[in-house]
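The values are calculated or read from the model by the stated rules, or taken from the named source; none is laboratory data. In this text, all values refer to a predicted model and were calculated from it rather than measured experimentally. Note that we place each Cβ from the backbone using ideal geometry, even for glycine, and neighbour counts take in every protein chain shown. Only protein heavy atoms, including side chains, enter the accessible area calculation; ligands, DNA and RNA are left aside. Shrake-Rupley method; radii C 1.70, N 1.55, O 1.52, S 1.80 Å.
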Amino acid sequence: MILEIFLFFFAIFLVTRIFKKKGNLPPGPIGFPYFGTFFHTIQLKNVFEVKKKYGNIFMINIGVVNFLYICDFKIAKDSFTKLEFADRPSWKSNSFFQSEKREGKASGSGGSRRRLQKADEGAIKTPFLNKRCHFKHYLATCCKYEFKDEEVKSLMAKINEIQEAFLHLSIPDFFPVLKYILPTPLLDYITGASVFDKACLQYEDMVQPIIDEHLKTLDPNNPRDLMDDYLIEMKEKKNEEYSHFNITDLIRVTFDLFVAGNDTTSNMTRFFLTYMARFQEIQEKIQKEIDKVVPRGTLPGLQHRNELSYLDAAINEVQRHCSMISMGVVRYTTADVKVDDYDIPKGTAVISVAALSHKDPTYFKDPEVFDPSRFLDKNGKCIPTCEGFQAFGIGKRQCLGEQFARMELYLITAALLQNFTFAPPDGERQMSIKPISLPIGHFPRKGQKFSIKCRN
Ligand code: HEM
């Protein structure tokens, strides 16, 4: 009897869901009750299929969360430049990026974002750009470390531990019923929340002494790094009721810099080298450009950049072609909004599918062809961005480290190509540029081998 009652209500639920008038919501596939349409969108190739059926804007749900997918650059740009799209979801996986008074992932939209911007704009100078993660540590804390420094190694290991725990953390945000049917310790174990929380506390313990040291030696007239800059602002604003400057937030800003800025640049460098090994004639052209501009025995520097436009164009083209952050970083709507005449409710997770825009012939002629010259203007100068290009995101929450990342990529790749030539490993005729495709993005293949020849 109980089973029959359950089946009866379940049938009603199904029918109402299937025939429910959706108002003016975007179209989208009908999913399983409660579970939603997860499998339609977990892979980029599935998103492509759904787009073919429903068009450039469609909606799916995963558990209780609505996801809006935008597959056209112009629509995404129109939307993402509006304030209503400037939030990030407050899922568990984002919790370490957010302190109580901050608004969104990676950084809030207020003062701390402006301070980071200042750092990225070069207000903080450093002489050693060639060791990426160490540079970011320096940017944040002004400490100089040797490449194999144990403190840096353990800090990076902790960050990796936190990142690895991200994957399943948000399951209860999508399926909140699990919080009621499973005991908390079991749920925390399944989702990795206990490992995550512990690693976050350990990270805080590691950074706290560095902050204490900064507080002891702080000279408001002579800020040494981002941390000093932040502490000064925190002191200035301490009486403002709504100031979000506090030590917890500062710890999270340092975390932002490492997480958002470390793997991104290192993976992009690996992509770049893979493309060079595959497209050797393009590598040769870049090397010729470097040899013409940079005197022998000198490493390429920022003073040469204006003359190394083809290299900058090639970096852009690798970013476009590989679409590393293939589905962007999720935004969250802060109010009911319209997108292309559709009604989008407050609290919708929004994704702009960068990989589709990067291969859209409306914006890029012969999009499958790898051709750096599409980013050169008629005077041979690099065009940093164009319609359709969204490697660093769009609008209000566009990548805060973009200029910094571009500078890093330029300096690292210029130095490498000046001194080495990259080719497929011995015995392989052609380098594969096929990435590993995960729901969160494209990654260079693990353990990819190269043949590397030293240039005289
Ligand atoms: C090749 C390198 C990089 C790529 C492809 C990249 C890409 C992105 C993308 C797509 C976003 C989301 C933007 C949006 O929602 O519209 C983002 C956000 C962000 N990136 Fe990067 N990024 C890179 C390097 C860096 C570096 C080096 C830093 C810092 C030093 C950094 C800091 C950030 C921060 C703080 C955010 C969050 C901004 C916010 O939510 O307001 N990124 N990045």
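Inspect all residues belonging to the stretch 424-431 and state whether any of them is open to solvent by 30 Å² or more (accessible area, probe 1.4 Å) and under 21 Å from I315 (Cα atoms). Please lay out each step first, then the result.
Filtering the stretch 424-431 down to residues open to solvent by 30 Å² or more (accessible area, probe 1.4 Å) leaves 426-430.
Those left that are additionally under 21 Å from I315 (Cα atoms): 430.
Yes, the stretch 424-431 has at least one match.
Checking the conditions here, which among L231, L215 is more than 30 Å from the chain's Cα centre (by Cα) and at pLDDT 90 or above?
Answer to the selection: L215.
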* To do: Go through S107, S194 for me and flag whichever is polar (S, T, N, Q) and either at pLDDT below 80 or within 21 Å of the chain's Cα centre (by Cα) (or both).
  => S107
* To do: Search the stretch 72-94 for residues being small (G, A, S) and open to solvent by 10 Å² or more (accessible area, probe 1.4 Å), and hand back the single one that is nearest to the ligand (Cβ to nearest atom).
  => A86
* When the residues of the stretch 320-361 are filtered to those that are open to solvent by 10 Å² or more (accessible area, probe 1.4 Å) and within 30 Å of D291 (Cα to Cα), which remaining residue is farthest from the ligand (Cβ to nearest atom)? -> H321
* Do the conditions hold for Q418, that is, is it in contact (Cβ under 8 Å) with a residue 12 or more places away in the chain, farther than 19 Å from Q283 by Cα and part of a helix (DSSP H, G or I)? -> no
* **Q208 being more than 21 Å from the chain's Cα centre (by Cα), open to solvent by 30 Å² or more (accessible area, probe 1.4 Å), at pLDDT 90 or above and closer than 30 Å to N419 by Cβ** => no
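Condition first: of a type in the set (S, T, N, Q), closer than 26 Å to F67 by Cα and open to solvent by 50 Å² or more (accessible area, probe 1.4 Å). Can you find one or more residues in the stretch 389-400 that meet it?
yes
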* Please indicate, with yes or no, whether at least one residue in the stretch 282-292 is in contact with a strand residue (DSSP E or B) (Cβ under 9 Å, 6 or more places away or on another chain), in contact (Cβ under 8 Å) with a residue 40 or more places away in the chain and crowded, with 23+ Cβ neighbours inside 10 Å. => no
* Considering each of T269, T264, T274 in turn, give the residue that is within 16 Å of the ligand (Cβ to nearest atom), farther than 30 Å from N94 by Cα, among the polar types (S, T, N, Q) and out of contact with any Asp or Glu (no Cβ under 7 Å at 6 or more places or on another chain). => T274
* Within the stretch 53-71, how many residues turn out to be open to solvent by 20 Å² or more (accessible area, probe 1.4 Å) and among the hydrophobic types (A, V, I, L, M, F, W, C)? -> 1
